[in-house]
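The values are calculated or read from the model by the stated rules, or taken from the named source; none is laboratory data. If you're wondering where the values come from, they're calculated on a predicted model, not measured in any experiment. Counting neighbours? That spans all protein chains shown, and the Cβs are built from the backbone with ideal geometry, glycine included.
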């Protein structure tokens, strides 16, 4: 029996699954553990935060189950594409922490692509706290658009939508902007608007806190609030622009498959409606399709398959000595979310 661990490390959450293949019960897993995520590998102390999050998610899966020690742990991490040295450092450190023969680290956008299109060609838009479009052509060509983090890019992502909503609410609070239902939503979620700057940075992850307000913006947009509707429409336009840019960079004439994945798809019609319309209007793209799998499925695929076209963008570090024993998790494991 072979076992592998797939990890989806985002800015908001870190999910891990232990996948078994070739067992008498067939392939499968018992469930997914989720813990808080990390700001991003390129951030200050980003590697340390990522290491802690991955260990917190993975170690409870392995504790007391020596027969399921994985051959590979594959991590799709936010920020890995723009910080390759940090990705390698994380792989080396995790190899010290985890009882596995190999650690593979790549961008969470790469694992999202692999999962959404089953390792095939096309463009995948991954939208969560951040946003990035990744294209892979039939010839292995690669295009990445966006994913520059909350301060330099990630336009249209959860942090962008949430921050735009917070700014609109504060303008209304100051009397500098039109009245908006977003102000009442800010008060309901964060309390006194005058304390919002402190609340935004209170947990050390302002992007994650801002992204938590994105559902409020979408609800206000669905209810007809003009400020919220304008924010969500602008987000959809910028996300579509990223997908089209990735398609152009891949070249060719045939329409490319497109999938949209990530937690922000949970905003539903207020965002996905205008986004789908913008993508369907392009002759370079096939109509958007539901993803075949999620980033965890992509991480599993890349853990077990080194011949996928994504491989040039995966950092792998293999062990040369014996694997360590599984340490006892320092705290009680998080709840197991069955999927």
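Some notes on this structure:
- In this structure, residue 246 qualifies as touching a strand residue (DSSP E or B) at 6+ places or on another chain (Cβ under 8 Å) and closer than 21 Å to residue 147 by Cβ.
- Just one of the listed residues (240, 259, 235) is in contact (Cβ under 8 Å) with a residue 24 or more places away in the chain, under 20 Å from the mean Cα position of the chain (by Cα) and closer than 22 Å to residue 151 by Cβ, namely 235.
- Across the range 107-116, not a single residue is classified as under 21 Å from residue 10 (Cβ atoms), in contact with a strand residue (DSSP E or B) (Cβ under 7 Å, 6 or more places away or on another chain), surrounded by fewer than 24 Cβ atoms within 10 Å (Cβ to Cβ) and not assigned by TED's automatic domain parsing to the domain that holds residue 275.
- Pairs are defined by a Cβ separation below 6 Å, a sequence spacing of at least 6 or placement on different chains, a first member in the range 296-310 that is assigned by TED's automatic domain parsing to the domain that holds residue 135, and a second member that is modelled with pLDDT under 85; no pair meets this definition.
- Of the residues making up the range 69-96, those that are over 15 Å from the mean Cα position of the chain (by Cα) and surrounded by 20 or more Cβ atoms within 10 Å (Cβ to Cβ) are 70, 72, 73, 83, 86, 87, 89, 90, 91, 94, 95.
- Across the range 290-333, the qualifying residues are those that are touching a strand residue (DSSP E or B) at 6+ places or on another chain (Cβ under 8 Å) and farther than 18 Å from residue 104 by Cα, and the one among them that is modelled with the lowest pLDDT is 333.
- Every residue from the range 173-187 that is in contact (Cβ under 8 Å) with a residue 12 or more places away in the chain and either outside the structural domain of residue 217 (by TED's automatic domain parsing) or in a helix (DSSP H, G or I) (or both): 173, 181, 182, 183, 185, 186
- Within the range 118-138, the residues that satisfy the criterion of being surrounded by fewer than 24 Cβ atoms within 10 Å (Cβ to Cβ) and modelled with pLDDT under 90 are 119, 120, 121, 137, 138.
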